[in-house]
1. Can you give me the % of accessible surface on the chain that is carbon or sulfur? Probe 1.4 Å, all protein chains present, nothing else counted.
2. Considering every pair of different Cα atoms, what Kirkwood radius, in Å, is found for the chain?
3. Probe of 1.4 angstrom, ligands and nucleic acids ignored: what's the accessible area per residue over the chain, in square angstrom?
4. Over all Cα pairs of the stretch 10-81, how is the pair count split among 10 Å bins, expressed in % and running from 0 up to the last occupied bin?
5. Can you give me the orientation-averaged projected area of the convex hull built on the Cα atoms of the stretch 41-143, in nm²?
6. By per-residue mean of other Cβ atoms within 10 Å, what is the highest-first order of 123-134, 13-24?
7. Round to the nearest 10 and report in Å² the accessible area of LEU116, as given by a 1.4 Å probe over the protein chains' heavy atoms.
8. Would the stretch 19-60 count as rounded, prolate or oblate if I go by the C-alpha gyration tensor, calling it rounded below 1.5 in a/c and otherwise prolate when a/b exceeds b/c, oblate otherwise?
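The values are calculated or read from the model by the stated rules, or taken from the named source; none is laboratory data. All of these numbers come straight from a predicted model, not from anything done at the bench. Cβ atoms come from the backbone with ideal geometry, glycine included; neighbour counts cover every protein chain shown. In case anyone asks, the SASA skips ligands and DNA or RNA and just uses the protein heavy atoms, side chains included. Shrake-Rupley method; radii C 1.70, N 1.55, O 1.52, S 1.80 Å.
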Amino acid sequence: IGSLDELRVLGLSGNAITTIPSTIGQLSSLTHLFLDYNDIDVSIPASIGDLTSLRELWTNNNDLTGAIPSSIGDLSNLTLLSLSVNNLTGSLPSSIGNLSLVNALRLDNNELSGTLPGEIGNLAALTFLDVTNNDFTGQIPSSIGNLTALVSLRMSSNTFEGVIPDEFGDLTNLADIS
């Protein structure tokens with residue numbers, strides 16, 4: 001698949017695909033990758049970060065395992081990242097803060113743990129953030145207050161502790177918190 005130099009959209013949603021080929025990173029023209037609703041039960045390959053033209057990545061509703069690779073932060077043109085309803089583990093890499101164009105980030109219904117990195121506050125274009133049903137702990141980072149475009153914030157069913165940051169008051173577009 002890595003030899004398809006001109007491929008811009010790869011849509012294989014709703015099949016019984018079980019793996020992501022490591023050569024996927026060679027698809028340098030790819031802008032949209034739809035692998036949602038399959039049976040993918042491997043880790044996200046680090047080569048995913050080589051897809052620097054990618055705008056949308058849909059891998060939700062699979063059985064993805066392992067950690068989110070830090071190379072995800074190399075997807076500088078990404079506007080939507082949906083990794084929800086998988087079996088992803090480990091902490092959210094701080095490189096997530098490099099995704100300055102992302103407006104929707106869906107990480108819900110995984111087994112992600114640790115604290116939310118403060119770098120999440122770098123996602124200035126973010127309008128939708130869902131981290132529900134994970135194992136996140138610690139305090140909610142005050143940098144969330146930088147997400148002034150945020151309309152929907154979903155953080156329930158984790159183990160956050162401490163106080164709600166005063167910076168939540170800066171989220172004047174927020175219509176939904178759950």
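1. With neighbouring chains kept in place, the figure for the chain is 48 percent.
2. 16.4 Å
3. Heavy-atom SASA per residue in the chain reads 43 Å².
4. In whole percents, the pair-distance histogram is 22, 59, 19.
5. 5.4 nm²
6. Averaged packing, sorted descending, gives the order 123-134, 13-24.
7. Only protein atoms counted, so the area is about 10 Å².
8. Verdict is oblate for the stretch 19-60.
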